[in-house]
1. Using a 7 Å offset from Cα along Cα-Cβ at L149, what residues in the range 55-96 end up with backbone N under 19 Å from the label point?
2. So, with +1 on the Cβ of K and R and -1 on the Cβ of D and E, and no other charges, what is the size of the charge dipole of the chain about its Cα centre, to the nearest 20 debye?
3. If R0 is 22 Å, what FRET efficiency do you get for V19 and E46 from their C-beta distance, rounded to 0.05?
4. With a 10 Å cut-off between alpha carbons and a GNM built on the chain, which of V114, V84, V19 moves the most?
5. Taking the Cα centre of the chain as the origin and placing charges on Cβ (Lys, Arg +1; Asp, Glu -1), which of S115, Y88, A158 is farthest toward the positive end of the dipole?
6. So which GluC sites (Glu not before Pro) in the range 40-126 are both in a DSSP loop and have at most 10 other Cβ atoms within 10 Å of their Cβ?
7. Sequence neighbours fewer than 8 away in the same chain don't count; with that in mind, list the aspartates and glutamates whose C-alpha is under 16 Å from K36.
8. Among the listed pairs K148/K184; K24/K148; K41/K178; K72/K142, which have their C-alpha atoms separated by more than 31 angstrom in this model?
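The values are calculated or read from the model by the stated rules, or taken from the named source; none is laboratory data. No experiment lies behind these values; they were computed from the predicted model shown. FYI the Cβ positions are ideal-geometry reconstructions off the backbone, even for glycines, and counts take in every protein chain you see. Protein only, heavy atoms only, side chains kept; ligands, DNA and RNA dropped before computing areas. Shrake-Rupley method; radii C 1.70, N 1.55, O 1.52, S 1.80 Å.
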Amino acid sequence: MVVVLTAICGTSGLVLSYVNEATKAPREYQLLKFVKGPSLKVVLPEGYDNDPITDKIQVKLGTDEKGQPILKDVFPAKKDGKIVAFAYDATASGYHGPVSLMIGFAPDGTLTGVSVMTHSETPGLGARITEPAFTRQFAKLKGLDQVKLSTQGGRIDAVSGATISSTAAVTAVQEAIKLFPKIKEEVL
């Protein structure tokens, strides 16, 4: 009886291990397609002829304190084989937790769009940073001096009553802008 159960458990473990390994790439693609894909469609300009998820590029940004590489997934939009824009994500702390955005860039550094992917902000208040009225403000801006809240001399109007959430979104975009030169160097 013990031998039979051991054989069944061992075989089951091997089969599960094989299935996990065999489906790893398709599962990763599905996760990217359904989590980041909708945001990519918002932030990348129309007219590209590739699948940015399939063509993603991993850029090494350095190493962490343990010596492990810090990698960033960059999603290029190509037209006739030439990169016309690319996007990557950035995260900042909001009122109730992290706010994760997808930020699109033209090769010259101009923002092509911003989309909030995940957040845990207050519904009806901080969650309004996901609305197009807020996110559209970032399009066609370039540089850290423009991407600030209007109360700080920038061009972004905060969501009324949700200054912390608005600041989180702006901070995430600013972090993405700071990474732009390094990513551009690797991608273009």
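1. Flagged as within label range: 91-96.
2. In total the dipole reaches around 180 debye.
3. Result of the calculation: an efficiency of 0.05.
4. V19
5. Checked the options; the winner is A158.
6. E46, E65
7. K36 reaches E28, D51, D55, D73, D89.
8. K24/K148
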